[in-house]
Amino acid sequence: LGMSATMMFFIKLAYLASDPLIVCASVVKGCLQAFVPVSIVAGAIFLFDAMESARCLAWMRIAMKKITCDHPVAEVMLIGWAFHFVVEGASGFGTPACLAVPILYSMGHPKLESVCCLLLFNGFSAVFGAVGTPMWFGIGQAVDADEDMQADIGLRAALAVTCNAVLLVPLVVNLLVPKADVIRNLVFIELVVACTMIPYVGVAFFSAEFPTLIGGVVSIFATGILIQFKVGLKPMLTKKKEPAAAADKIEGGETGLEAGKEDDATQAEEKPEVTPQETREGEIEPAPKAVKAGQDSPPRVDSMDMIEVGVFDDREGVPEPTEDGAEQGSTVEAAKSAPAGL
């Protein structure tokens, strides 16, 4: 690409005899315009890496499996269709396939068919792409279209996509689900498509930037409600294959629950075992001697006896021994005969 740009630069100068100042200005303008799609691609890469590092893919797989109740048609329409619309409207540039395909594969769907299904679904959402990039950056720059013209082109494209989606989405679902089950759940599939395409076309009347994003958000909520109440969702005739052991990992990474168990086991192994006699400084205190069966417990020392032997002599309020033994004895006897409450 760099060699092609360099060749065109010299062709413009030597063969076409263009003004060097205009050619150099065009190079600078092209570099600045290239930052727009590059920034969007960088955002898509950051979104994918952030979700992968935070184990969001594993959490989403578990949550969506609970919502869909392990129904293949519901999984394809919720993850492959509705969720992919949201991701395409927010970041675009292949991010839906990177996020949705591993989730579908971990739920037991085949690899190649999952990739083909997501790429075909991506054709319906890529008309407006990431916040309308194909419209305001692609068509807008190519034909110098203003906002009204972009909205008109977007509306016509949205109507064409809607007509195609009604007919083609069941055929795409047939890549992952048997034909008999697709026919049984055809009402559910068409309802999900309608919940996506009605706001998709409605937003296209006013804007060429957010039809895909808003249509996907509405579709996720509507699909969840349809699955919850089983509107048009029939039981499967064919049993879905159980996912392989390797399918429990998304791109080589364990699920959040398995990783959490491994972290707890590792911490338990690394934690040193501390005995009850060991103190914080590492010193070992002697353990108290246990009283054997049949052995009398140590004699209980009464506080009055301690006063008699002079343990509390240095405390305030207790008379010290004097030469007059009678006075001391009378004081002790008075203390012993005092009521217990005093």
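The values are calculated or read from the model by the stated rules, or taken from the named source; none is laboratory data. All values derive from a computational prediction rather than experimental measurement. Here Cβ is always computed from backbone atoms with ideal geometry, including for glycine, and neighbour counts include all displayed protein chains. For accessibility, only protein heavy atoms count, side chains too; no ligands or nucleic acids. Shrake-Rupley method; radii C 1.70, N 1.55, O 1.52, S 1.80 Å.
Before moving on, here are some points about what is shown:
- Restricting V28, V86 to those that are at negative phi, among the hydrophobic types (A, V, I, L, M, F, W, C) and touching a residue at least 60 places away in the same chain (Cβ under 8 Å) reduces the list to V86.
- Any hit, the range 247-260, residues being closer than 27 Å to K111 by Cα, open to solvent by less than 30 Å² (accessible area, probe 1.4 Å), at pLDDT 90 or above and not aliphatic (A, V, I, L, M): no
- Of the residues making up the range 53-77, those that are part of a helix (DSSP H, G or I) and of a type in the set (A, V, I, L, M) are L57, A58, M60, I62, A63, M64, I67, V73, A74, V76, M77.
- Search result, residues across the range 78-135 that are of a type in the set (F, W, Y), in a helix (DSSP H, G or I) and touching a Pro at 6+ places or on another chain (Cβ under 9 Å): F83, F85, Y105, F121
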